[in-house]
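Colleague: Got a structure here, written out as structure tokens. Questions coming.
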Amino acid sequence: MTALPTWVDREAWEGFVEMRKRQEKLSRGKIAWTARAEKLVIVELYKLHDKGHDANRALDESALKGWTDVYCPKDKDIPNMKREYMTSLGPSMTEAEKARADEARKSIMLKRVA
């Protein structure tokens, strides 16, 4: 395995690699996870990091969406985590209920990022 930069979280990396290896099995080797592919992904992570992006977030997003490469992370919330979307589907919420819902969503998002 190629040495990872210190700013790459091992858990984020291993999650991405695990997803890539599963993609390889599902594609019957058409999407190969080789030593060369590993180096190329790390080069992409350096490019993202040099531009000021969070490489770990890029790894997590790629693993979550089943992408075989890493891309600049999207700077938007997950659509169904937005209060406007969630509250528009149900009955009106009181301000206290909205505040509790906001805190719960923040907690979920922080756990996801950590």
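One line per residue, one yes/no per condition, for (1) outside the structural domain of His49 (by TED's automatic domain parsing); (2) modelled with pLDDT of 75 or more:
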| position | (1), (2) |
| --- | --- |
| Glu61 | no, yes |
| Val70 | yes, yes |
| Pro73 | yes, yes |
| Arg83 | yes, no |
| Thr87 | yes, no |
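For every residue, the table says whether it meets (1) part of a helix (DSSP H, G or I); (2) among the acidic types (Asp, Glu); (3) closer than 23 Å to Arg105 by Cα.
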{"position": "Trp7", "(1), (2), (3)": "no, no, no"}
{"position": "Phe16", "(1), (2), (3)": "yes, no, no"}
{"position": "Lys30", "(1), (2), (3)": "no, no, no"}
{"position": "Gly52", "(1), (2), (3)": "no, no, no"}
{"position": "Ser62", "(1), (2), (3)": "yes, no, yes"}
{"position": "Thr68", "(1), (2), (3)": "no, no, no"}
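Colleague: Among the numbered conditions (1) within 15 Å of the chain's Cα centre (by Cα); (2) touching a residue at least 40 places away in the same chain (Cβ under 8 Å), tell me where Val17 comes up short.
Modeller: Every listed condition holds for Val17 apart from (2).
Colleague: May I pose another question? For region 41-61, which positions are out of contact with any helix residue (DSSP H, G or I) (no Cβ under 6 Å at 6 or more places or on another chain), surrounded by 13 or more Cβ atoms within 10 Å (Cβ to Cβ) and not charged (D, E, K, R)?
Modeller: Selection gives Val41, Ile42, Tyr46, His53.
The values are calculated or read from the model by the stated rules, or taken from the named source; none is laboratory data. Keep in mind that what you see is a predicted model, and the values were worked out from it rather than measured. Glycine also receives a Cβ, built like all others from the backbone with ideal geometry; neighbour counts cover every protein chain displayed.
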